[in-house]
Every structure is written in C-alpha cells, then in structure tokens.
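The values are calculated or read from the model by the stated rules, or taken from the named source; none is laboratory data. Source: prediction; values computed, not measured. Cβ coordinates were reconstructed from backbone atoms using ideal geometry, including for glycine residues, and neighbour counts include every protein chain displayed. Ligands, DNA and RNA are excluded from the accessible area calculation, which covers all protein heavy atoms including side chains. Shrake-Rupley method; radii C 1.70, N 1.55, O 1.52, S 1.80 Å.
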Amino acid sequence: MELNKNQIQDLRHKDLETTVGKLIKITLENPMKIKGIDDEQTILIGNVNHIGLSANSPHLPVDINITITGTEITKNVNIFKMEKLEWE
C-alpha cells in the first residue's frame, strides 16, 4: 500500500494497526538528522514497533515508532512530517 501526505493525515489508528511488526518505508518532507547515523535521512525503512496516539483523540495516530533496518536505532516519526508511507 502506498499513501501520500493527505491520505496519511486522514488515517485512523485502525488503519495502521496492521503495520505493527511489518516493514515500512517512510519518505519525509524534510531531511532528518538521526543520532547514530552520519547523514541526514529523507527515507526511513524499518519495522513498526507501535503507533503513537493523540492524547485528545485516542483514535488518531500522531507518530509511528520504527526500528531502522540494519541498526538498533528506534525513532518516532510524526505523521505530519511524512510525504509518503509505503508497506505491503
């Protein structure tokens, strides 16, 4: 499945539940510096650990926590900073 920025921002928690434990690819709007990785990243690929939810509306996701492939690095990525989200 491939979602663009507008589709990502319309997601509900139930839409992302199936991604937990799966490999996803996140394309960011702007490069992000990640501690432990030398270069800024615009694409993150990793396994989803959990979906962070909004405190005000618990059915709305606010970030996705992933473990970046090939590392032990975990990162929370805010859905409003994503340009594209892909998974199978």
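Below, the figures for the structure above:
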read-out	value
Scan of region 36-59 for residues that are open to solvent by 50 Å² or more (accessible area, probe 1.4 Å), of a type in the set (A, V, I, L, M, F, W, C) and assigned to a loop (DSSP other than H, G, I, E, B), ordered by number	A55
All positions within region 20-35 that are in a strand (DSSP E or B) and open to solvent by 20 Å² or more (accessible area, probe 1.4 Å)	V20, L23, K25, T27, E29, N30, P31, M32
Filter result (without any contact (Cβ under 8 Å) to a residue 60 or more places away in the chain and touching a strand residue (DSSP E or B) at 6+ places or on another chain (Cβ under 8 Å)) within region 16-25	L16, E17, V20, G21
In region 60-81, the residues that are of a type in the set (A, V, I, L, M, F, W, C) and either in a helix (DSSP H, G or I) or more than 11 Å from H13 (Cα to Cα) (or both)	I66, I68, I73, V77, I79, F80
Residues that are within 19 Å of K5 (Cβ to Cβ) and either touching a Pro at 6+ places or on another chain (Cβ under 8 Å) or among the small types (G, A, S) (or both), drawn from region 25-79	Q41, T42, I51, G52, S54, I79
Tabulated pairs, region 64-83, first open to solvent by 20 Å² or more (accessible area, probe 1.4 Å), second of a type in the set (K, R) and at pLDDT 95 or above, C-beta under 6 angstrom, 6+ apart or interchain	E83/K5
Output for region 4-19, where each listed residue is hydrophobic (A, V, I, L, M, F, W, C) and in a helix (DSSP H, G or I)	I8, L16
